[in-house]
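Report on the following structure.
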Amino acid sequence: MPAIQITRSIAIDSDEISETFVRSTGAGGQHVNTTDSAVQLRFDVANSPSLPEAVKHRLAAIAGRRMTAEGVLILRSEGSRSQLMNRQEVTARLVDLIRQATIVPKNRKATKPTKASKTRRMDGKAKRGAVKSLRRKPVD
């Protein structure tokens with residue numbers, strides 16, 4: 001199997017991915033009981049030479065519970081009755097996860113409200129307070 005192209009600069013060798021086939025759960029009648037159509041994909045993120053360190057860290061954060069303590073990403077697909085379609089779906093999900101991890105988040109720059117925006121806010125509050133005070137019953 002050829003390498004899986006993630007971005008222009010990142011490609012994962014197919015030897016880094018292991019797929020195991022297991023029985024699907026849920027409805028499906030006798031077909032579910034006889035075929036191993038569900039696919040479990042394992043990708044060792046921690047020891048992958050294909051991914052830069054920054055991408056590995058972001059991928060671990062994105063993956064959450066799908067990542068083991070050893071740094072192995074486990075994805076499972078059993079939506080289709082076809083083993084081939086489940087393999088394609090789980091591979092596409094892996095590619096999407098890694099592509100998300102390649103995006104570097106922008107650093108937030110702390111800003112302060114302008115004097116004009118503070119004035120507008122205070123004017124709005126005063127106007128709203130005046131409207132509410134006019135709704136009250138007059139005091140004797």
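Worth a mention:
- For Leu59, the test of being surrounded by 13 or more Cβ atoms within 10 Å (Cβ to Cβ), assigned to a helix (DSSP H, G or I) and in contact with a Phe, Trp or Tyr (Cβ under 8 Å, 6 or more places away or on another chain) is failed.
- Leu97 among the aliphatic types (A, V, I, L, M) and buried (at least 16 other Cβ atoms within 10 Å of the Cβ): yes
- Where Arg76 falls short, out of the listed (1) modelled with pLDDT of 90 or more; (2) assigned to a loop (DSSP other than H, G, I, E, B); (3) not small (Gly, Ala, Ser): (2)
- Condition met for Glu19 (surrounded by 14 or more Cβ atoms within 10 Å (Cβ to Cβ) and either at pLDDT 90 or above or more than 21 Å from Pro105 (Cα to Cα) (or both)): yes
- Subset tally (residues that are under 18 Å from Ile6 (Cα atoms) and either surrounded by fewer than 16 Cβ atoms within 10 Å (Cβ to Cβ) or polar (S, T, N, Q) (or both)) for segment 75-94: 4
- Residues of segment 93-140 that are touching a residue at least 24 places away in the same chain (Cβ under 8 Å) and among the polar types (S, T, N, Q): Gln100, Thr102.
- Scanning segment 23-55 for residues that are loosely packed, with under 13 Cβ neighbours inside 10 Å, at pLDDT 85 or above and either under 15 Å from Asn86 (Cα atoms) or of a type in the set (A, V, I, L, M) (or both) gives a single hit, Ala54.
The values are calculated or read from the model by the stated rules, or taken from the named source; none is laboratory data. These figures come from a predicted structure and were not determined experimentally. As a convention, Cβ positions derive from the backbone with ideal geometry for all residues, glycine included, and neighbour counts pool all protein chains shown.
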